[in-house]
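See below for the structure under consideration.
The values are calculated or read from the model by the stated rules, or taken from the named source; none is laboratory data. Not measured: the values here are computed from a predicted model. Don't worry about glycine lacking a Cβ; one is built from the backbone with ideal geometry, like all the others, and counts go over all protein chains shown. Surface areas here come from the heavy atoms of the whole protein model, side chains and all, with no ligands, DNA or RNA. Shrake-Rupley method; radii C 1.70, N 1.55, O 1.52, S 1.80 Å.
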Amino acid sequence: MKKFLCITLTIIVICVSFASCGDKTPAQTEKITFVLDWTPNTNHTGIYVAEKLGYFAEEGLEVEIAQPPEDSSVVLVASGKADISISFQDSLAAAFTGDEPLPVTAIGAVIQHNTSGIISRAGEGMDKPSGMAGHSYATWNGAIELATLKSVVESDGGNFDEVELIPSTVTDEVSALKTKSVDSIWIFYGWAGVKTELEGLETDYFAFSDIDPVFDYYTPVLIAGNSFLEERPEAAKAFMRAVSKGYEYAINNPEEAADILCEAAPELEKELVTASQKYLADKYTADAKQWGYIDSARWNAFYEWVNEESLVEGNVPLNHGFTNDYLPEK
């Protein structure tokens, strides 16, 4: 009788246990809104890879990848209308100063070193900064942009006042250079520079980071709203774990990563995307200890220069606006 009771009680316990398991609701998926800074390109590949290969899903995330609106994506993140986006250290200088600094933080470097510089038609003397004097340059009339150009031109012995500044209407760098509507353009070589190579346009180019280490700032970076980071730190860490895997995949598999980006954005030119992906493969992490790492000395050096040149209202606080705390532990 006792044996029968024991067996009966065991069966009841097992049934109750299974019933309890059945009553449990599955863990809810965390939703994150990610806003691009521009139309899809190889700066964004790790995001699309993380989505396609299920890295976000593995972290329990549902990520909405949104196209950039007319309003600044930085403002959207600061206001909490989006959680994470992409920006640039030079663009963030103004966001960190003024009467109402924007509450955003850089949480990872997409590319480890500044790949931007000045491109021009080959053989016209603009292979070095001083050669820009007497030639036209398409400008956005940004304070930091023009101060950067002035610095590199004059440190090379040129006269910046002799550079002809014309308002930029450039949408295709190759066409602008071929038609001679402008002599020189500021580009990111991983996209526009690669495109000139594919189209057989011979060019001269110099990179800002090769001229002065102060211009080896972080561009682009992933940014998040401070409220999001404070209220949902684990979601931010999960996002960065997934995205780190996405960019590491792109580093090791550039052609496959290019396919994933083109599938997500079929309007892109496959040949350009693949060539750009191969160019960036060893530049996402470069000499850093891991993808996404931001070095405080380099971050601060650029803002010290911005402050010295009085390029924004007030001073950008040093050791401000970035963190490595959300990167995966290595």
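Miscellaneous remarks
- Rounded accessible area of ASP83 (nearest 10 Å², 1.4 Å probe): 20
- Kyte-Doolittle mean at least -1.0, axial Cα span of 30 Å or more - DSSP H helices of the chain: 2-23
- Average projection, convex hull of the Cα set of region 83-220: 9.3 square nanometres.
- Relative contact order [Cα under 8 Å, 6+ residues apart], region 82-208, whole percent: 36
- Using the Stokes-Einstein relation with a Kirkwood hydrodynamic radius computed over Cα pairs, the translational diffusion coefficient of region 232-328 at 25 °C and a viscosity of 0.890 mPa s comes to 155 µm²/s.
- For the chain, alpha-carbon Rg over 2.2 N^0.38 Å: 1.23
- Flagged links, alpha-carbon separation over 18 Å, of LYS52/LYS330; LYS237/LYS330; LYS31/LYS52; LYS289/LYS330; LYS245/LYS330: LYS52/LYS330
- Calculated from backbone phi, Karplus (6.51, -1.76, 1.60) coupling profile of region 180-186 in Hz, x at Gly/Pro: 6, 6, 7, 8, 9, 9, 7
- For region 150-187, backbone nitrogen atoms closer than 17 Å to the point 7 Å from ASN141 Cα along Cα-to-C-beta are found at 164-170.
- Dividing the helix sum by the residues of the chain, where each DSSP H run of 4 or more adds -39500 (n - 2.57), gives a mean residue ellipticity at 222 nm of -12000 deg cm²/dmol.
- Straight-distance candidates among the lysines for linking to LYS178, with alpha-carbon spacing under 29 Å and chain neighbours fewer than 8 residues away dropped: LYS128, LYS150, LYS195, LYS270, LYS278, LYS283.
- Alpha carbon centroid spacing (whole Å) that separates region 274-302 from region 208-241: 12
- Relative contact order of the chain, taken over Cα pairs closer than 8 Å and 6 or more residues apart, is 27 percent.
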